[in-house]
Amino acid sequence: GVAISKWDKGDRPASYFADYGQKIENDQFEVSENGTYTIYIKDKAGNEVVQTVNISTIDNDAPVIGLTVPTTWTKGSVTIGTTITDQSSLIVAKKWALGEQDAEFFHTDANGSEITGSSFTVDDNGTYTVYVKDQAGNEAVSYVTIDSIDTVAPTMSLHPDNTWTNGEAVITTDITD
């Protein structure tokens, strides 16, 4: 039978576990950092085995969202550019929605629109939320406000001077936008 089962972070020799290491409970242990871990087992007869395992699948970093918007006025749609990066794992969800939403809003499949490629297009002014989730489950949200869409034509009223003249006629305008 097994007399001692221990583990510790780093690449450790068997002699290290005479005084150090953490006991393995129920044939398993949890780690919260990437790195090399050494597992030491000693049976009741005194036989020892040491093995290392490299963990590289822990990702605690949220994705990073960069958003770009045109700064010129338009009477049409606006395309919002996205630059989405993640240091460790792959991006598994990219969505956008009108309004200031939190990450939980996007947990329902019906909420938000998928971002395909590196941009999405909107037709109205307002605040928009971009949501991203990586393979490890880390989430990020970012907000952008669009206020450069103007679909209303300017208005104009003309007021000609109706006074008879033998020179120039004056026309006054009232222009609003």
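The values are calculated or read from the model by the stated rules, or taken from the named source; none is laboratory data. Here the structure is a predicted model, which is why all the values come from computation and not from measurement. Counting neighbours? That spans all protein chains shown, and the Cβs are built from the backbone with ideal geometry, glycine included. Quick note on the areas: whole protein, heavy atoms, side chains included, nothing else; ligands and nucleic acids left out. Shrake-Rupley method; radii C 1.70, N 1.55, O 1.52, S 1.80 Å.
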Can you tell me which of 142-152, 67-77 comes out highest on packing, and rank the rest after it, using the mean Cβ neighbours within 10 Å? 142-152, 67-77
Whose amide H sits under 5 Å from the amide H of V92, counting only residues 5 or more places off or on another chain, with H placed in the peptide plane? K133, D134, Q135
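Under a 1.4 angstrom probe, counting protein chains only, how are D102, D8 ranked by accessible area, largest first?
D102, D8
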In terms of modelled amide H atoms, which long-range or inter-chain residues lie less than 5 Å from the amide H of D11? none
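Where the only charges are on Cβ atoms (+1 Lys, Arg; -1 Asp, Glu), what is the dipole of segment 1-56 about its Cα centre, to the nearest 20 debye?
140 debye
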Fully extended, how many nm does the chain gain between A169 and K75 (0.36 nm per residue separation, minus their Cα-Cα distance)? 30.4 nm
In whole Hz, the Karplus estimates of ³J(HN,Hα) for segment 102-117 (6.51, -1.76, 1.60; θ = phi - 60°; x where Gly or Pro) are 9, 4, 4, 3, 7, 5, 8, 4, 6, 8, x, 10, 5, 9, 9, x
Between N54, T165, G137, whose Cα lies farthest towards the positive end of the dipole of the chain when Lys and Arg beta carbons carry +1 and Asp and Glu beta carbons carry -1, centred on the Cα centre? N54
Once fully extended, how much extra length lies between Y16 and T83, figured as 0.36 nm per residue of separation less the alpha-carbon to alpha-carbon distance? 19.4 nm
Work out from phi, with θ = phi - 60° and the Karplus expression 6.51 cos²θ - 1.76 cosθ + 1.60, the ³J(HN,Hα) of each residue of segment 165-173, listed in order in whole Hz, and give x for Gly and Pro. 8, 10, x, 8, 9, 9, 10, 9, 10
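Run the numbers on segment 26-177 and let me know its relative contact order in percent, using alpha-carbon pairs under 8 Å that are six or more apart.
21 percent.
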Extent of the chain along each principal axis, from alpha carbon coordinates, in Å, largest to smallest? 124, 31, 23
Length gain on complete extension for the stretch L67 to I149, per 0.36 nm per residue less the alpha carbon to alpha carbon distance? 27.8 nm
Just the Cα atoms of segment 1-94, one point each, no solvent: what log10 I(q)/I(0) does Debye give at q = 0.17, 0.25, 0.26 Å⁻¹? -0.81, -1.24, -1.30
Rank W7, V78, T116 by how far each Cα sits towards the positive end of the charge dipole of the chain (+1 on Lys, Arg Cβ; -1 on Asp, Glu Cβ) and give me just the farthest. W7
